[in-house]
1. Going through L96, L24 one at a time, which residue ends up being under 23 Å from P169 (Cβ atoms) and either among the hydroxyl-bearing types (S, T, Y) or free of Cβ contacts under 8 Å to residues at least 60 places away in the same chain (or both)?
2. Return the pairs, sorted by first residue and then second, in which the second residue is crowded, with 22+ Cβ neighbours inside 10 Å and aromatic (F, W, Y), the first residue lies in the stretch 174-203 and is touching a residue at least 60 places away in the same chain (Cβ under 8 Å), the beta carbons are less than 8 Å apart, and the residues are 6+ apart or on different chains.
3. Given (1) surrounded by fewer than 21 Cβ atoms within 10 Å (Cβ to Cβ); (2) modelled with pLDDT under 95; (3) in a loop (DSSP other than H, G, I, E, B), where does V195 come up short, assuming only one miss?
4. Only helices (runs of 4 or more DSSP H) wholly contained in the stretch 1-94 count here; list those with 1 or more residues that are more than 19 Å from the chain's Cα centre (by Cα) and farther than 18 Å from N182 by Cβ.
5. Identify, please: which residue in the stretch 95-132 is outside any loop (DSSP other than H, G, I, E, B) and small (G, A, S) and is, among those, farthest from the chain's Cα centre (by Cα)?
6. Test of understanding: among T118, T102, which residue is at pLDDT 95 or above, closer than 26 Å to Y203 by Cβ and among the β-branched types (V, I, T)?
7. Out of all the residues in the stretch 34-46, which are surrounded by 16 or more Cβ atoms within 10 Å (Cβ to Cβ) and either in the same structural domain as T100 (by TED's automatic domain parsing) or not basic (K, R) (or both)?
8. Which members of the stretch 104-156 meet the condition of being in contact (Cβ under 8 Å) with a residue 60 or more places away in the chain and in contact with a Leu (Cβ under 8 Å, 6 or more places away or on another chain)?
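The values are calculated or read from the model by the stated rules, or taken from the named source; none is laboratory data. Quick caveat: nothing in here was measured; it's all calculated off a predicted structure. Don't worry about glycine lacking a Cβ; one is built from the backbone with ideal geometry, like all the others, and counts go over all protein chains shown.
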Amino acid sequence: MTIGSRGWHVQQFQTALASSGYWLGAADGVFGQLTQQAVWALQKTHGLRRTGVIDEALWNSGLARVRAQSKLKQDGIEIDLATQTLMIVKGGVVHLTLNTSTGNGNGERFEYLGGWATAITPKGTFKIYRKSVQETSTNAWVEGPLGRMYKPRFFTTTGIAVHGSLSIPPYPASHGCIRLHNSAQDYLLRTGRLVNGTDVRIY
């Protein structure tokens, strides 16, 4: 099963993914972009090839019912650069796991707020502290030094943010930010997972 597939089997796998915290919107029996994102997150979590396809081996593995495990066991956002996943953790339990795409490691330099920054994803513990002044109720897209971002929530003073994007491949591709599908970003914002003061731990 892949993008465009429909039916009961798709819905059954979607339901299993959702029950384990792999967010995909609605389990509606339609294999769309959000389901592909969830399948990538599952494959990344368990060290599988990142195909975005539900094949017979994945179907029979039962992994869709296995929740991701937090390494740090601390509340907030946990980002694993090796697996390229973003996890929402509460009480040591992973509530949500999302496909993400972080810094590509090219080390590009860019001007930011009168200084220079390097386009990498930093490791460490941070806190979300602001949104962009450009963002309004009618303007969700923000123009940054390296391109457009959807509803970014910044956690460094050098412009690194968790934000929505139209391109979230299953590998590192950003200039340093944490990319999510726009719908996933909307969901995290709507459910209060990206408020100021939220811990962001990257390793």
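1. Numbers: L96 fails: either among the hydroxyl-bearing types (S, T, Y) or free of Cβ contacts under 8 Å to residues at least 60 places away in the same chain (or both).
The conditions single out L24.
2. A184/W23; Y187/W23; V200/F155
3. The number of the failed condition is (2).
4. On the way: elements: 8-19, 33-45, 56-61.
Here the list reads 8-19, 56-61.
5. Of the residues in the stretch 95-132, the ones outside any loop (DSSP other than H, G, I, E, B) are 95-99, 101, 103, 109-112, 115-118, 124-127, 130-131.
Next, only the ones that are small (G, A, S) stay: 101, 103, 115, 117, 124.
Working: S101: 7, G103: 13, G115: 28, A117: 23, G124: 17 Å.
That would be G115.
6. On the way: T118 fails: at pLDDT 95 or above.
Residue meeting the stated conditions: T102.
7. Going through the stretch 34-46, the residues surrounded by 16 or more Cβ atoms within 10 Å (Cβ to Cβ) turn out to be 34-45.
Matches in the stretch 34-46: L34, T35, Q36, Q37, A38, V39, W40, A41, L42, Q43, T45.
8. Across the stretch 104-156, the qualifying residues are E108, F110, T121, K123, I128.
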